[in-house]
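Undergrad: Questions regarding the structure given below will be posed in turn.
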Amino acid sequence: MRTIARRGLLCICTVVLLLLAGCSGGVPATPAPSAAAPDTLASIHRAGALRVCSTGDYRPFTYLDPATGQWSGIDVELARDLAQHLGVRLDLVHTTWGTLLADLTGGHCDAAMGGISVTADRAAKANFSDPYLVDGKAPITRCADASRFQTLAQIDQPGVRVIVNPGGTNASYDHATLKRATIVDYPDNNTIFNQLLANRADLMLTDASETRYQATRHPGQLCAVNPDHPFTISPKAYLLPHGDTAFQQYVNQWLKSALSDGTYQRISKPWTG
């Protein structure tokens with residue numbers, strides 16, 4: 001009986017081993033090799049161009065003039081400087097806040113620039129450069145109403161209309177934070193501040209840098225509310241292809257030089273004063 005049991009156990013083990021081996025003649029399957037990391041620098045030099053995705057609707061960082069097709073802004077000029085250091089031309093690729101990450105990960109551009117906030121969702125799918133600016137969400141409203149919207153508690157009230165351009169961190173913040181105020185979606189970030197002037201909304205929550213810029217463009221009409229003390233703290237950086245540490249290191253070294261040798265200050269001063 002013991003001999004029969006041992007033989008039965010041996011047969012069972014043999015069958016299990018054959019099943020594990022599959023149909024490969026008994027040779028275990030070799031794991032599929034992982035995808036090779038992208039070589040963005042090589043691709044840029046082969047193409048002779050640095051492709052940068054940008055929304056073109058977020059001054060002072062990026063602006064695409066719909067009448068002339070001309071690009072301007074702090075990050076647009078810095079993109080030109082990066083392309084010059086790479087020895088290639090700059091090709092700007094128009095994107096939206098809703099498609100920004102997908103355009104980068106889908107290979108439509110080599111980098112994304114233009115006042116991009118560092119978020120966990122973006123960091124999970126792409127690399128970020130080192131931050132070059134620390135910002136945060138703050139209100140901008142008609143100057144006559146500035147005293148009404150000093151705090152989130154004052155803002156998050158029934159009847160308060162908070163306007164936002166869908167797809168970016170402003171919309172994410174509004175929907176996560178505001179429970180009683182009315183969120184008004186408006187698709188054109190270039191003309192969204194005119195909606196405040198026309199009293200079609202009460203305020204906008206956006207990055208403090210943008211509130212300062214728009215307040216200087218509409219003196220006495222629109223006021224930035226406590227931009228030195230925003231409701232959140234959020235660094236801004238450049239979005240880069242996931243897994244390409246060589247390109248990330250190149251961009252970080254270029255950015256470090258631009259911040260230390262006066263390049264960033266020279267480019268940003270006309271926009272920020």
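Undergrad: Suppose every K and R has +1 on its Cβ and every D and E has -1 on its Cβ; what is the size of the dipole of the chain about the Cα centre, in Debye to the nearest 20?
TA: 860
Undergrad: In a GNM of the chain with a 10 Å cut-off on Cα contacts, which of Gly167, Gly69, Gly115 has the highest mean-square fluctuation?
TA: The residue with the greatest mean-square fluctuation here is Gly69.
Undergrad: Which value in deg cm²/dmol, rounded to the nearest 500, describes the helix-derived mean residue ellipticity at 222 nm for the chain, given -39,500 (n - 2.57) per DSSP H run of n ≥ 4 and division by the residue count?
TA: -11500 deg cm²/dmol
Undergrad: If I model the chain as equal point scatterers sitting on the Cα atoms and use the Debye formula, what is log10 I(q)/I(0) at q = 0.16 Å⁻¹?
TA: The Debye formula, applied to the Cα set alone, gives -1.21.
Undergrad: While we're on this one: Note the count of lysine pairs whose C-alpha atoms are less than 24 angstrom apart in the chain, limited to pairs 8 or more residues apart or on different chains.
TA: For the chain, qualifying lysine pairs total 9.
Undergrad: Considering the dipole of the chain built from charges on the beta carbon (Lys and Arg +1, Asp and Glu -1) around the Cα centre, which of Thr169, Ala198, Pro66 is farthest to its positive end?
TA: Checked the options; the winner is Thr169.
Undergrad: Take peptides 174-182, 202-210 and line them up by average Cβ neighbours within 10 Å, highest first, as a rough protection proxy.
TA: 202-210, 174-182
Undergrad: Here's a follow-up. Based on the alpha-carbon gyration tensor of the range 54-120, what equivalent-ellipsoid semi-axes (square roots of 5 times the eigenvalues) come out, in whole Å, largest first?
TA: Semi-axes, largest first: 17, 16, 12 Å.
Undergrad: To the nearest 0.05, what FRET efficiency results for Ser260 and Val134 with a Förster distance of 22 Å applied to their C-beta separation?
TA: 0.80
Undergrad: Among Ile233, Ile116, Ile192, which one shows the biggest mean-square fluctuation in a GNM of the chain, springs joining Cα atoms closer than 10 Å?
TA: Of Ile233, Ile116, Ile192, the most mobile in the Gaussian network model is Ile233.
Undergrad: Moving on. Helix check for the chain. Which DSSP H runs span at least 24 Å along their own axis by Cα, with a mean Kyte-Doolittle hydropathy no less than -0.5?
TA: 2-21
Coordinate-derived values only; no laboratory data. Since we're looking at a predicted model, the values are computed, not measured. In this analysis, Cβ positions are derived from the backbone assuming ideal geometry, glycine residues included, and neighbour counts consider all displayed protein chains.
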